[in-house]
Amino acid sequence: MSVKVVTSDLEPLLTTFEEYLRELVRSDVEFIRLIEDDLVTAGGKRVRPQLAFLASRALGGVPYEMELALAVELLHSTTLLHDDLVDDAETRRGHVAAFRKYGNAVSVLAGDYLLSRLLYLLSITGRMELVYMFSEVARELAESEVLQFQIAALGDYSFEAYERIITGKTASLMRLACEGAAVLGNAPSEWRGALSSFGLLYGQAFQMRDDYLDLMGTPESLGKPIGGDVREGKLTAITLRLLDIYPQETLEIIHRRGAHPEDIETLRKLALASGAHQEVVQAILERVDQAIAALSVLPPSPSREALEALAKREASRLT
């Protein structure tokens with residue numbers, strides 16, 4: 001099953017999702033309304049809601065799947081709102097970042113507003129276990145973002161730290177989208193574990209692919225200059241591998257945040273010459289294979305195939 005088929009099958013549900021989302025975040029406070037129009041209701045890939053819906057359907061349909069999908073997306077949107085401010089970002093989804101238009105205080109408080117709507121959604125489900133799961137993911141998101149800054153400040157580079165960051169900032173939320181459906185559907189523990197593992201592994205592959213393309217992709221395909229992670233002092237699998245192979249040269253570039261005009265191209269050439277880029281590609285493909293394998297305990301269904309197709313997409317988007 002192709003990703004286009006996945007999107008097509010979910011189209012009516014995602015249309016309803018967008019309608020509910022717009023109604024949910026509506027406010028008569030103009031600045032909040034403008035920020036939510038810019039960020040929450042301006043579209044996006046809606047990968048996390050798709051995961052929630054597909055996980056639900058793979059289980060035969062669970063109660064409150066819409067509330068789960070909305071809550072996961074709101075948590076994601078809140079982190080984007082705050083991350084843009086922390087990262088001093090210029091744009092988000094092709095628009096000027098919210099804090100640049102409305103100021104830091106309004107941007108942060110609008111994020112708090114989104115969290116209030118998330119709590120409302122969780123109250124509708126009446127499932128305390130889901131509340132606990134969301135609180136744990138919120139903790140992981142915060143810790144991983146702070147850890148990213150800590151590593152950039154202290155230069156404490158390691159693959160263990162990178163794994164924790166990509167799990168906390170990306171994979172934890174995708175795991176929540178999938179496992180949350182299992183909780184709402186009172187699924188057998190084996191099925192719940194399968195969906196949890198899939199969300200985790202898929203999320204890791206998703207972030208690793210993004211990180212890989214940030215250095216080895218093209219400005220045209222990314223829609224932005226390459227090397228952004230190096231300039232922000234962020235760990236990636238490929239720069240970590242280059243630190244092992246070319247420690248002095250790579251460390252100098254990382255310490256100066258790729259400030260020299262030739263720095264990013266130098267890292268690209270080193271990755272190609274050493275084969276480090278292929279090692280990272282192979283690691284991503286392995287995560288994809290593991291994610292797909294995790295689903296094998298679920299009953300065959302179009303929704304399970306669709307989840308597999310989403311994972312395979314990460315393998316096809318490495319160029």
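The values are calculated or read from the model by the stated rules, or taken from the named source; none is laboratory data. Everything quoted here is computed from the prediction, not taken from an experiment. Heads up, the Cβs are rebuilt from the backbone with ideal geometry, glycines too, and the neighbour counts pull from every protein chain shown. For accessibility, only protein heavy atoms count, side chains too; no ligands or nucleic acids. Shrake-Rupley method; radii C 1.70, N 1.55, O 1.52, S 1.80 Å.
Against the main long axis of the alpha-carbon atoms of the chain, helix 104-125 sits at an angle near 40°. Heavy-atom accessible area, probed at 1.4 angstrom with all protein chains present, ranks THR239, THR218 as THR218, THR239, highest first.
Probe of 1.4 angstrom, ligands and nucleic acids ignored: what's the accessible area per residue over the chain, in square angstrom? Let's see the in-between values first.
Working: 14240 Å² over 319 residues.
Result: 45 Å² per residue.
Within the chain, how many Lys pairs sit with Cα atoms under 19 Å apart, leaving out pairs fewer than 8 places apart on the same chain?
Working: LYS4/LYS45; LYS4/LYS312; LYS45/LYS169; LYS45/LYS224; LYS45/LYS312; LYS169/LYS234; LYS224/LYS234.
Lysine pair count for the chain: 7.
With a 1.4 Å probe and all protein chains in place, put SER172, SER135, SER189 in order of accessible area, largest first. Mind dumping the intermediate values first?
Numbers: SER172 0, SER135 60, SER189 105 Å².
Result of the area sort, largest leading: SER189, SER135, SER172.
Before anything else, pin down the relative contact order of segment 172-319: Cα pairs under 8 Å, at least 6 apart, normalised by residue count, whole percent. Mind showing how you got there, number by number?
Values: 159 pairs, mean separation 43.0, N = 148.
It rounds to 29 percent for segment 172-319.
Residue ranking by accessible heavy-atom surface, 1.4 Å probe, largest first, among GLU140, GLU73 comes out as GLU140, GLU73.
How fast does segment 210-319 diffuse by Stokes-Einstein, in µm²/s, taking the Kirkwood radius from C-alpha pairs at 4 °C and 1.567 mPa s? Mind showing how you got there, number by number?
Details: Rh = 15.3 Å.
The estimated diffusion coefficient comes to 85 µm²/s.
In a simple Cβ point-charge model (Lys, Arg +1; Asp, Glu -1; nothing else charged), the chain has a dipole of about 460 debye relative to its Cα centre.
The GluC sites (Glu not before Pro) found in segment 213-319 that occupy coil by DSSP, while having at most 12 further C-beta atoms within 10 Å, are GLU262. Summarise the accessible area of the chain (1.4 Å probe, protein heavy atoms) by the percent that is carbon and sulfur. Its accessible area is 54 percent carbon and sulfur atoms.
Given a 1.4 Å probe and the protein chains as shown, TYR246 ends up with an accessible area of around 60 Å².
Each principal axis of the chain carries a Cα extent, and these read 55, 48, 33 Å when sorted largest first.
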